[in-house]
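The values are calculated or read from the model by the stated rules, or taken from the named source; none is laboratory data. Fair warning: this is a prediction, and the values are worked out from it, not measured in the lab. Note: ideal-geometry Cβ built from the backbone for every residue, glycine included; neighbour counts use all protein chains shown.
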């Protein structure tokens with residue numbers, strides 16, 4: 001009988017769950033930014049992943065935990081062995097899981113709260129707002145200055161020499177308003193008449209196509225060109241009948257627009273933080289709990305499986321020990337791991353195996369000793385009266401020889417047949433007693449390396465021509481197989497087995513003999529099979545086949561298979577048979593290949 | 001009647017009122033027209049979120065509007081119970097913000113175009129309108145048996161990461177129209 005460990009499939013499911021969860025967490029960590037970005041865009045991948053982690057996984061885990069709790073409660077109610085110890089183990093594991101989870105969660109929540117409410121965040125918000133305010137003031141001052149200058153009454157006077165000496169006008173403008181960085185003059189047809197700029201950046205203030213702005217007198221919207229922002233003012237100058245369009249302006253410091261965009265984005269972030277801080281804080285904590293909740297559930301579920309893993313071998317050992325105590329030495333525990341518990345189980349199995357072998361040997365020895373004693377007593381008891389019977393019969397015979405010439409024929413015949421019968425029966429008894437005696441005095445085997453095929457062939461040759469309808473087939477015996485046996489004793493073994501097989505096939509048949517090499521634990525065995533196609537052995541007598549003096553044949557001593565069994569045991573081997581009615585019987589003999 | 005039942009009925013009435021109010025407050029009006037075989041959609045959203053948008057923009061935040069358009073083909077015959085087939089889906093969206101430097105309201109469309117408005121009224125009207133949106137891949141000749149569902153969602157505050165996580169929650173600055181169904185045939189104008 002084997003006690004198996006039944007929790008393998010559950011462990012695999014648990015392992016798959018753990019790996020799956022870790023994979024999801026790994027993906028979230030790797031793609032956190034993208035997930036946060038896509039979270040509001042109904043991204044199917046993100047939604048499925050979050051839905052799985054937050055809803056499906058905890059549900060599956062909860063169901064598994066409830067199932068295990070119910071199972072444990074049932075085990076406790078039915079007072080199943082190990083249930084109390086298992087409960088204690090599970091509670092201990094849960095305690096350990098909570099011991100780490102509670103402070104971790106508390107600390108995380110405190111950390112989140114402190115980060116969101118930190119002084120740094122508030123100050124940063126103020127800094128950003130102030131910086132943006134400064135930038136806005138700067139921009140407004142430049143813009144207003146330009147507009148004010150464009151609307152001033154002084155401007156027509158300053159521009160009066162534009163048709164004749166634009167360079168002079170530029171110098172005058174710069175003297176009056178040093179912020180002006182470029183000047184562009186168009187004639188009434190929209191053609192560029194003059195352009196100058198203070199520097200390379202200011203050259204970008206040049207307007208290419210006048211028709212785009214011809215109807216937009218005054219301050220133009222700011223123009224962004226790469227990292228440069230330009231402010232322009234378009235003034236219509238009328239001198240007599242001539243009309244000119246004067247475009248002047250300034251360039252803001254390089255990167256002004258990008259920097260203010262960044263500041264605007266930062267202000268947007270801080271404003272949202274201020275607006276949604278409480279909700280965000282709450283949602284973050286909820287999300288944190290939702291993500292960490294499955295971990296806690298997994299830990300609890302793992303504790304169930306771990307407790308089961310620890311309890312199972314101990315429980316199995318307990319059952320097995322009870323069975324051994326009841327005398328069942330056939331019990332074995334299957335173990336798949338290689339830890340200390342597994343070593344203990346292996347040791348237990350080895351101990352029970354050895355106990356089983358010892359018990360078998362003891363029984364066999366007792367059986368043999370008992371039969372030896374019986375045989376010796378029987379031989380002694382029967383042999384004592386046999387000699388006087390035989391002597392008396394011989395004396396009658398001799399006397400009769402002397403008198404037979406005088407007596408009548410009828411008396412002669414009666415005495416002749418009676419004496420012959422007495423002598424015959426006495427000789428039969430003698431032979432029977434010799435067999436018993438031989439069985440009792442079977443010598444110790446003299447083992448040597450014997451070629452098995454040669455031995456089998458030799459034993460079979462004696463029976464090859466015994467009947468025309470019996471065939472002996474020697475198959476699958478390697479010519480090189482050498483077994484460490486007593487040649488004469490094994491010849492007797494094969495002789496007995498072949499004789500039994502022939503007698504089991506009254507209408508003829510085939511006897512197959514084969515040999516294979518097998519390994520049991522650390523020992524190599526030669527397994528010999530002798531199979532007949534005879535009538536088979538009745539189920540009711542299978543138990544007694546190897547018992548001495550048990551026979552189904554008329555005139556048989558019933559010692560053949562007992563002698564075979566004893567020889568095999570003396571060689572540290574094993575013998576058994578399989579039989580099916582009207583199909584045949586196969587005898588198996590395992591002989592160790594090496595001498596112990 | 002039991003107290004619990006009374007309470008449940010009261011809750012249902014409140015819920016119904018809220019639904020009706022929201023339906024009345026925020027609604028979309030859609031119409032289609034055909035240009036050279038193409039189908040163009042115009043959607044106008046009437047929303048109660050004007051003040052919320054104005055406040056958000058003046059606080060330096062961005063607002064966001066999404067027009068959800070789904071084109072379905074009606075299923076007929078034996079397998080009609082399986083539902084209608086989704087032919088195409090469009091989600092054009094625009095972002096609005098205030099440019100404090102030029103003191104104007106700017107709409108940045110899904111095409112990346114920026115348009116500035118000095119007047120908030122004009123800006124808000126334009127922002128809530130999807131004008132002549134061409135339904136790519138849909139041609140006039142094939143629209144028979146098609147119908148369209150349109151819905152508009154206005155978020156007075158466009159959430160930025162990491163606050164996008166809040167989009168799972170009901171948000172008071174969100175204005176959502178009910179789905180409007182309309183047949184895809186010339187001169188259709190539905191509410």
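A few notes on this one:
- Hits in the range A:237-272 - residues which are part of a strand (DSSP E or B) and either within 11 Å of another protein chain (Cβ to nearest Cβ) or surrounded by 14 or more Cβ atoms within 10 Å (Cβ to Cβ) (or both): A:237, A:239, A:244, A:245, A:246, A:247, A:248, A:249, A:250, A:251
- Among the candidates B:61, B:78, residue that is within 11 Å of chain A (Cβ to nearest Cβ), assigned to a loop (DSSP other than H, G, I, E, B) and more than 15 Å from the chain's Cα centre (by Cα): B:61
- Note on the range A:101-121: residues that are away from every other protein chain (no Cβ under 14 Å), in contact with a helix residue (DSSP H, G or I) (Cβ under 9 Å, 6 or more places away or on another chain) and assigned to a helix (DSSP H, G or I) amount to 6.
- Taking the criterion of being part of a helix (DSSP H, G or I) and in contact with a helix residue (DSSP H, G or I) (Cβ under 6 Å, 6 or more places away or on another chain), the residues of the range A:149-172 that qualify are A:158, A:172.
- So residue A:208, is it away from every other protein chain (no Cβ under 14 Å) and surrounded by fewer than 18 Cβ atoms within 10 Å (Cβ to Cβ): yes
- The range B:171-189, subset at pLDDT 75 or above and assigned to a loop (DSSP other than H, G, I, E, B), residue farthest from residue B:25 (Cα to Cα): B:184
- Residue count for the range B:88-105, restricted to those that are more than 19 Å from the chain's Cα centre (by Cα) and either modelled with pLDDT of 90 or more or outside any loop (DSSP other than H, G, I, E, B) (or both): 4.
- Flag: residue A:50 matches the condition of being buried (at least 17 other Cβ atoms within 10 Å of the Cβ) and in the same structural domain as residue A:26 (by TED's automatic domain parsing).
- For residue A:146, the stated conditions hold: it is away from chain B (no Cβ under 13 Å), part of a helix (DSSP H, G or I) and either surrounded by 15 or more Cβ atoms within 10 Å (Cβ to Cβ) or modelled with pLDDT of 90 or more (or both).
- Leading residue by the ranking (nearest to residue B:104 (Cα to Cα)) among those in the range A:217-236 that are more than 14 Å from every other protein chain (Cβ to nearest Cβ) and not in a strand (DSSP E or B): A:217
- Number of the exception - residue A:208 against (1) touching a helix residue (DSSP H, G or I) at 6+ places or on another chain (Cβ under 7 Å); (2) part of a loop (DSSP other than H, G, I, E, B): (1)
- Subset of the range B:112-142 that is touching a strand residue (DSSP E or B) at 6+ places or on another chain (Cβ under 9 Å) and in a loop (DSSP other than H, G, I, E, B) - its residue that is nearest to the other protein chains (Cβ to nearest Cβ): B:118
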